[in-house]
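Report on the following structure.
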Amino acid sequence: SLSKLQLKAGDLDPRLFSRLRHLQKLDLSDNLLDKFPNSLSLPDLRVLNCNNNKLEDVTALKQFPLLEELTYENNVYLTLNDDYKVMFLLQNLRLLNGKDITKLANQVRRVNSRKLTSKVTAHWEKFFSDQLPEKYTAEHVKSIKKKFLKSVQTNVVYGPSSLSEFTRWRVKMIAEEFLACSLGLELNSDTEPEEKADENEEESTESPREAAEDVAQVVHIYDPLVTVTPSKRKRNQSKSSPGNKRSKTQANTEEEAAEDVSAEPLHFLQCHSKGNSREDFKTQLWSCVFEPVLDSGARKDPIVNSSRTVATCGGESVCLIDCETGTVLKKYKVATEEFFSVAWTTLTMVIGDSRKKAHNILAAAGRRGIVKLIHVAADFCYGEIKAHKKPIATVCFSPTQETHLFTASYDKRIALWDIGIPDCDYNFKASQLLVLETASIPLRIALVPTCPEQYLLAGCEGGCFAWNIKLDKGQKSRPFEAIFQFPDEESMTTSHRVDGLAFLNDDVVVSKSSKLGCIYLWSWSRSFDAKGKGCQQTMSAVILAELEWSTTDMSYLTLSTCPAKEYVFCGDEKGSVWMYNLSNYTTAWSSAKGKRSERKISPTQILKWPELRVNGEQPPEILVNNVVADPAFTYLVVLTSVNITAIWKKS
């Protein structure tokens, strides 16, 4: 037993382990292993426990061919695809995470392999067999191998879409074996990295445990023959009418468009369906937020702390998605709920052995007015807070007090809660610290970055308001301290729906919408008079600039910011994402005499919704309810009104 020793992969010394020729049982649970060294050489190993580590890959386990029992629960990066990989690689495996997998493993090794082999062979015969000249050179072979491997991984699909990563992995293996036999190629003869194929499929993954029993058919969200190429729409460029959609051949050959854009579509997922129905294109998706990186220590740089895992919510479910692979890592469902908002915090919790450890906790809330608290790594919803009697529109955690959670509700109140820290049995005590009275329903909330323990800003149905939230003031229930007025068509107004609100940096606030087609950037420090007497004062927002945006009157299409890269994002009523790079403006705005930019700032780029086919048809009206980038702006997650999550990657 080498459990609970803080071991990392480098601590497993092959020179030592290779001498353990007769070791049969090894316990490496509760350590910090992210991988296995390739040459541990334990030829007689039968039982291996790797629970509660940080493993990212299982393929190195093939070095233990006699393994019969394997457990690796609570390795948050491992998915159902990894379960299938070990079933294939370890021919003697009987128990996986405590379950008898004999029957399923036989199917994976035999039936699955047979079907995939015939599909790979058919793909070669149909598209590639006539591409090699009679007398071919090594260069010919290398070129055709690269094309064939890429094509076969993209186009050969089989089994449930939740297993697409496993299928691609097996298809590549089978294709390489096939080429080795037919062309006399060595396996892995070139060292080029594997190219990721597009994830052209619907995801309908449950939690990994449920998904293991699910044998659904693959459903393509878009036509697999079309390479989806986003087009870059410049200002004043005419919008393409439905009559001049590109043909399939055009879509495949438009290399220039693909190079011209700054982001390309990676995945289109349909993972919030009601009752897992594939026909559900009505569930609205509302909120998404990237998971914070654990163990980042003192490095508070948001770029360093950027993660590729995002939590999304809509309908009855909350999903955890790996943006790079498109894999749905976890899914939480509450049949009677409609989730509107999710938020992350990192709590230092005492786990079973009295050691303190940082864990990410996800809060999710919606129509029922209840906040669900989920310990993601343990796959456990450990508690709930009955926060309001009416729906909760949005939630957010304090950046400085990790247990402080704000909930904004249709009951026209914003509450501040201390959610407490769960003990080793997940007992916790939540308490209400503050209630902020709003004159209308709060839609978006933001803590002021320079003083997050003193001021909160909210965009509401009836305007934009600020509250003093300092806890040393005795008053538990508080009216707003300020309401901000903005220009509308003729004059200044306080009364308008503010359905988008976020800070671009420590001072610049981005909000919409007191007039159509416009997003305002304004200065918090110049607009808010902290020395003002009394409360409920009207203050004029000091406008720095206007962003040109869609002229739609559609509400609740919210905006977001990426402060580290100085970007603003906002989706529209046509499935497009408007992106504004404001790095050239922020220095001027921060100077004492910073003047308003007279002209409206046009979007740096508009990402257009690709031509997606669902059952052969384009979905109807696609509204982008929310669009969020990770802190480093590597991925862009787009949530729509038609139950599709689109993930774009910055090229």
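The values are calculated or read from the model by the stated rules, or taken from the named source; none is laboratory data. Bear in mind the structure is a predicted one, so any value in this text is a computation, not a measurement. Note that we place each Cβ from the backbone using ideal geometry, even for glycine, and neighbour counts take in every protein chain shown. Note: accessible area is taken over every heavy atom of the protein model, side chains too, but ligands, DNA and RNA are not part of it. Shrake-Rupley method; radii C 1.70, N 1.55, O 1.52, S 1.80 Å.
Here the accessible area of the range 411-481 is 48 percent carbon and sulfur, with a 1.4 angstrom probe and all protein chains present.
Between A263 and S651, the built amide H atoms are under 5 Å apart, and every one of these is 5 or more places off in sequence or on another chain. Determine, from the Cβ-Cβ distance of S18 and I421 and an R0 of 41 Å, the FRET efficiency 1/(1 + (r/R0)^6), rounded to the nearest 0.05. Working from the Cβ atoms, E equals 0.40.
For the range 408-544, report the % of Cα-Cα distances exceeding 25 Å. I get 28 percent for the Cα pairs in the range 408-544 exceeding 25 Å.
Taking every DSSP bridge with both residues inside the range 9-183, close to 20 percent are antiparallel.
Applying the Karplus relation 6.51 cos²θ - 1.76 cosθ + 1.60 with θ = phi - 60° to the range 502-513 yields 3J(HN,Hα) values of 6, 8, 7, 8, 4, 10, 7, 9, 10, 8, 9, 7 Hz, where x marks Gly and Pro.
Here the Debye sum runs over all C-alpha atoms of the range 321-373 as equal scatterers in vacuum, and log10 of I(q)/I(0) at q = 0.24 Å⁻¹ comes out as -0.98. Multiplying the residue separation of T400 and S591 by 0.36 nm and subtracting their alpha-carbon distance yields 66.0 nm.
Given labels modelled 7 Å from the Cα in the Cβ direction, how far is it in nm from L132 to E548? Result: 5.6 nm between the two label points.
Determine the relative contact order of the range 80-146: mean sequence separation of Cα pairs under 8 Å and six or more apart, normalised by residue count, in whole percent. Reported as a whole number, the value is 20 percent.
With R₀ fixed at 51 Å, the C-beta to C-beta distance from K35 to K429 puts the FRET efficiency at about 0.85. Net charge in the neighbourhood of G575 (other residues with Cβ under 10 Å of its Cβ; Lys, Arg +1, Asp, Glu -1) is -1.
Placing pseudo-labels 7 Å out from each Cα toward the beta carbon at T336 and F380 gives an inter-label distance of 2.5 nm.
For the peptides 408-419, 147-158, residues were scored by their other Cβ atoms within 10 Å and the scores averaged per peptide; the highest-first order is 408-419, 147-158. Applying the criteria of a DSSP loop state and at most 15 other Cβ atoms within 10 Å to the trypsin sites (Lys or Arg not before Pro) of the range 441-486 yields K470, K473, K476. Label point of V47 set 7 angstrom out along Cα-Cβ; within the range 64-107, amide nitrogens under 17 Å from it belong to 66-73, 93-101. In sequence order, the range 438-448 has phi-based couplings of 10, 6, 8, 5, x, 10, 9, 10, 8, 8, 6 Hz under the Karplus curve 6.51 cos²θ - 1.76 cosθ + 1.60, θ = phi - 60°, and Gly or Pro positions carry x.
For the range 9-183, the per residue solvent-accessible surface stands at 49 Å², with DNA, RNA and ligands left out and a 1.4 Å probe. Looking at the range 467-552, the GluC sites (Glu not before Pro) that sit in a DSSP loop and have at most 12 other Cβ atoms within 10 Å of their own Cβ are E489, E490. The modelled label-to-label distance for the pair L516/K650, using points 7 Å beyond Cα in the direction of Cβ, is 3.4 nm. Using the structure shown, list the pairs from K85/K333; K386/K608; K99/K147; K99/K282; K172/K565; K25/K150 with a Cα-Cα distance above 31 Å, or answer none. Flagged as over cut-off: K386/K608; K99/K147; K99/K282; K172/K565; K25/K150.
Charging the Cβ of each Asp and Glu at -1 and of each Lys and Arg at +1, and nothing else, the dipole of the range 1-159 about its Cα centre rounds to 540 debye. Evaluated at q = 0.18 Å⁻¹, a Debye calculation over the C-alpha positions of the range 9-183 (equal weights, vacuum) places log10 I(q)/I(0) at -1.11.
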